[in-house]
Amino acid sequence: MLYIDPHIHMVSRTTDDYEALVASGVKAIIEPAFWQGQPRTQIGSYQDYFASLVGWERFRAAQFGIRHYCTMGLNSKEANNEALAEQVMDLLPLFLTKEGVVAVGEIGYDDQTPTEDKFFRLQLELAKEVDLPVLIHTPHRNKKQGTYRSMDVIEEHGIPPHMVVIDHNNEETYREVLDRGYWCAFTIYPGTKMGNERMVDILKVAGPERVIVDSSADWGKSDVLAVPKTAKLAAERGVPREHIELVCYKNALKAYSQSGQFTESDWLNPPAIDQRNLFEGNSVLRGGQSPQIDSANEANIIR
Amino acid sequence: MTESAGPLTALIRSWIVSRVDSAALAWVDDRTRAVKSGDKKLLFIAFGLVPRKVGKADLALTESEREAAESVRSGWNPSQWSLDQLVRTYFVLNFPVQDVDAYVKTLDLMFSTGEVGELVALYQVLPLLPNPSAHVLRAAEGIRNNIKAVFCAVAQNNPFPSEQFSDDQWNQLILKCLFIGVSLRSVVGVDERANAPLMSMLVDFAHERRAAHRPIPAELWRCVGPYADDRALDDLRITLTSNSPAGQQAAALALSVSPHPLAKSILAAAPDLAAAINAGEFSWRTVAAAEQAL
Ligand SMILES: [Zn+2]
């Protein structure tokens, strides 16, 4: 089965992770612009970070045979630095129209401060202007209320739910998100967000429609293989194959293809120029770079 | 739309006209008028939107189009370009240059925020810009870029480096090509810009590779031959009798152009290779092809 991980922060990950993704059948990934752990204090840090999402990281992923996309936005946590946030708002239009930028995101609330609210709304307006989907990060604390409030504000700004992915849902939030017509994403992240056994239980009740599974793997203790692992667990526990395909591949494809920047042929049959620029010919793509499996007696040898 | 600009933009527009549909052409012409206003925001947006408006098909220039390229800008060979790269070039060339510093600043912002495809297009534009000396540092920066396609946009089929680079900058270009496995075949000016310090760096590099039990790229000897000293000749002698056919041919070619008094006698030890060179049976092109096939 082919997989898409539509939420993963590869700038924080290693080449081993890329090899593991390839070996597990992940074909395309989306890297939302987010907080990098260390707060940024200069606009130049944002500019170089955004540039790396469409430049170096895109290239790095392609070297492993993975097609890399991103979303651009000012995250809610750092939106609280108002003076800097204003400058980021000036920078965003430059990046939002670039190739392979599939949404405005991840945006939304963290502590739900008035400043967060201001920049959330400004970015919703920006999304309308550039006609891109929106990826919503829902808060860890006061989650249910923050999730509902996010949807209220989105509706206030007249953005239709089919253009919005609400992420980091749990048992308490997903019903309302689905009932209101949004794409409903679940982050399989050990400890803090969701485990995949809980995910499988939800799938059995909620069904696959508009449900999306991702890893949000980043600089914390997280699992880059969350999507393929969840798919396997779901299969073992009797979820129909078509349902697994929807939540681990097709739904993300459909949601983000609304950007006009996310097409299956990009990774199944890329244009010649992309093969030259990204994949250096198509040999990498043919079945992906063969994962390094060290034989027992050579395990300690590095050439 | 009447094109009043120079022969270069007129030529590029004629290629665009024969490759896009009328809706895309209308968009290109409309955005060209906008770009000509000198408003950099309009340039940035038009530049970014190009692939979704005109697609990314290979240009596939005809023979006469390639000749036209060469005649309008000597050394310019866009035969590997795609349509989006051509239109992006067209927009950049239509952006007015009033103040050179301000112009470079505008380009700097495009470079520092560019995605992979944009970066390749931008580096390819350098040899077509006025005020070439204003763009030397930018081109040298491209040589330091670790995205191979971006590096190649400067290093291959691009006359800018051989015309503008200092010896130090040039030598880094050649060394990096050999380091990351980019063939010298498409590097413009590779023979003309050979120099003694480069020869010495390349021989050091060959020794490093040999010590690490890694293969030595055969094309390396191309920039060694014309300036080979005693130390280099020892390496050429070893390579001439190595078990790599590409290496043997490369050593023979290098020796055949070396002015060193001992070069001829070393080559004489391999009469078959010497005769084959005289008969034109192999060249740096075939050496490169043999290595690429490995
Ligand atoms: Zn995230």
Pairs where the first residue, in the stretch A:19-40, is at positive phi and the second is within 16 Å of the ligand (Cβ to nearest atom) and of a type outside the set (G, A, S), C-beta under 9 Å, 6+ apart: A:G37/A:D218; A:G37/A:W219
Candidate set from the stretch A:3-20 (those that are closer than 28 Å to A:R241 by Cβ and under 8 Å from the mean Cα position of the chain (by Cα)); member that is nearest to the ligand (Cβ to nearest atom): A:H7
Scan of the stretch A:131-156 for residues that are under 25 Å from A:F95 (Cβ atoms) and surrounded by 15 or more Cβ atoms within 10 Å (Cβ to Cβ), ordered by number: A:L132, A:P133, A:V134, A:L135, A:I136, A:H137, A:T138, A:P139, A:S150, A:V153, A:I154
Cβ-Cβ under 8 Å pairs, at least 6 apart or on other chains, the stretch A:265-281 side facing chain B (nearest Cβ under 7 Å), far side modelled with pLDDT under 90: A:L278/A:P270
Matching option when the condition is on the phi < 0 side of the Ramachandran plot and touching a Ser or Thr at 6+ places or on another chain (Cβ under 9 Å), among B:G48, B:G6: B:G48
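With the requirement that a residue be outside any helix (DSSP H, G or I) and crowded, with 19+ Cβ neighbours inside 10 Å, what does the stretch B:74-90 give you?
Looking only at the stretch B:74-90, we keep the residues that are outside any helix (DSSP H, G or I), and these are B:74-77, B:81-82.
Those that are outside any helix (DSSP H, G or I) and crowded, with 19+ Cβ neighbours inside 10 Å: B:W76, B:W81, B:S82.
On the given criteria, is A:A62 within 14 Å of chain B (Cβ to nearest Cβ), touching a residue at least 60 places away in the same chain (Cβ under 8 Å) and of a type outside the set (V, I, T)?
Details: within 14 Å of chain B (Cβ to nearest Cβ): yes; touching a residue at least 60 places away in the same chain (Cβ under 8 Å): yes; of a type outside the set (V, I, T): yes.
So A:A62 passes the test.
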Pair list, Cβ under 7 Å, 6 or more apart: the stretch A:124-152 residue at positive phi, other residue away from the ligand (no atom under 16 Å from the Cβ) and of a type outside the set (D, E, K, R): A:N142/A:Q112
Residue in the stretch A:25-41 that is in a helix (DSSP H, G or I), within 16 Å of the ligand (Cβ to nearest atom) and either within 18 Å of A:V102 (Cβ to Cβ) or within 15 Å of the chain's Cα centre (by Cα) (or both) present: no
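State all residues of the stretch B:213-240 that are among the basic types (K, R) and farther than 20 Å from B:P261 by Cβ; if no residue qualifies, say none. If you could, list the steps in order and put the result at the bottom.
Taking the stretch B:213-240 and keeping what is among the basic types (K, R), we get B:214, B:222, B:231, B:237.
B:R214, B:R222, listed by residue number.
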Criterion: crowded, with 24+ Cβ neighbours inside 10 Å, of a type in the set (D, E) and either out of contact with any Pro (no Cβ under 9 Å at 6 or more places or on another chain) or within 14 Å of chain B (Cβ to nearest Cβ) (or both) - qualifying residue of A:E82, A:E31: A:E31
Criterion violated by A:I8 - all others in (1) surrounded by fewer than 20 Cβ atoms within 10 Å (Cβ to Cβ); (2) on the phi < 0 side of the Ramachandran plot; (3) modelled with pLDDT of 95 or more satisfied: (1)
Residue within the stretch A:209-217 that is under 17 Å from A:K193 (Cβ atoms), hydroxyl-bearing (S, T, Y) and touching a Ser or Thr at 6+ places or on another chain (Cβ under 6 Å) present: yes
Meets criteria (farther than 24 Å from B:Q169 by Cβ and assigned to a helix (DSSP H, G or I)) for B:A274: yes
Residue count, the stretch B:246-271 (criterion: in a helix (DSSP H, G or I) and either without any contact (Cβ under 8 Å) to a residue 12 or more places away in the chain or surrounded by fewer than 14 Cβ atoms within 10 Å (Cβ to Cβ) (or both)): 4
Criterion violated by B:W81 - all others in (1) more than 23 Å from the chain's Cα centre (by Cα); (2) within 14 Å of chain A (Cβ to nearest Cβ) satisfied: (1)
Segments classed as helices (runs of 4 or more DSSP H), wholly inside the stretch A:168-282, with at least 1 members that are more than 16 Å from the ligand (Cβ to nearest atom), hydroxyl-bearing (S, T, Y) and closer than 30 Å to A:W56 by Cβ: A:226-236, A:251-257, A:264-268
Identity of the residue in the stretch B:25-72, among the basic types (K, R) and more than 14 Å from every other protein chain (Cβ to nearest Cβ), that ends up surrounded by the fewest Cβ atoms within 10 Å (Cβ to Cβ): B:R33
Enumeration of residues in the stretch A:89-130 that are more than 20 Å from A:H7 (Cα to Cα), buried (at least 23 other Cβ atoms within 10 Å of the Cβ) and within 14 Å of chain B (Cβ to nearest Cβ): none
Residue in the stretch A:93-106 that is modelled with pLDDT of 95 or more, within 16 Å of the ligand (Cβ to nearest atom), farther than 24 Å from A:S52 by Cβ and under 18 Å from the mean Cα position of the chain (by Cα) present: no
Odd one out for B:G75, checked against (1) under 27 Å from A:L278 (Cα atoms); (2) touching a Lys or Arg at 6+ places or on another chain (Cβ under 8 Å); (3) more than 14 Å from every other protein chain (Cβ to nearest Cβ): (2)
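What are the residues in the stretch A:126-143 that are in a helix (DSSP H, G or I) and under 21 Å from the mean Cα position of the chain (by Cα), if any? Working first, answer last.
Filtering the stretch A:126-143 down to residues in a helix (DSSP H, G or I) leaves A:126-130, A:143.
Matches in the stretch A:126-143: A:L126, A:A127, A:K128, A:V130, A:K143.
The values are calculated or read from the model by the stated rules, or taken from the named source; none is laboratory data. Everything numeric in this text was worked out from a predicted model, so none of it was measured. Don't worry about glycine lacking a Cβ; one is built from the backbone with ideal geometry, like all the others, and counts go over all protein chains shown.
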